[in-house]
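The values are calculated or read from the model by the stated rules, or taken from the named source; none is laboratory data. Values in this document were obtained by computation on a predicted structure and should not be read as measured data. A quick note on method: Cβ atoms are made from the backbone with ideal geometry, for glycine too, and the neighbour counts reach across all protein chains shown.
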């Protein structure tokens, strides 16, 4: 019985280089960037929201990609739900006041107060929207 090992033809064998394969478009240039504390904080927040590195956020911004947050914050969602509920209640009250205002002019003051409340809630909602 022969214990000879079959050696593959060296011409057929692929030659692999050491290390990891090269990337298609490597990031081969390095820059130093000075930011204000406010800008750095905003960059870090954006990176955390989008679950990207700070460098990836900057690269995406340079490529014209709008960087969005990865997942909505549950506390923010609950706050918005409460604001919308409050807005619906105020809109209902306003509708009732408009109906009454057609019959009684005194109701106009109440209607104006309700409109002011609606505007305040809308301003809060606008402040919590991304990019506001």
Expected single match for modelled with pLDDT of 75 or more and surrounded by 14 or more Cβ atoms within 10 Å (Cβ to Cβ) among 101, 60, 91, 113 is 60
Please verify whether residue 43 is modelled with pLDDT of 85 or more and part of a loop (DSSP other than H, G, I, E, B), treating the condition exactly as stated.
no
Is there any pair with a first residue in segment 115-132 that is more than 12 Å from residue 84 (Cα to Cα) and a second that is at pLDDT 80 or above whose Cβ atoms are under 6 Å apart and which are 6 or more apart or on different chains, and what are they?
117/90
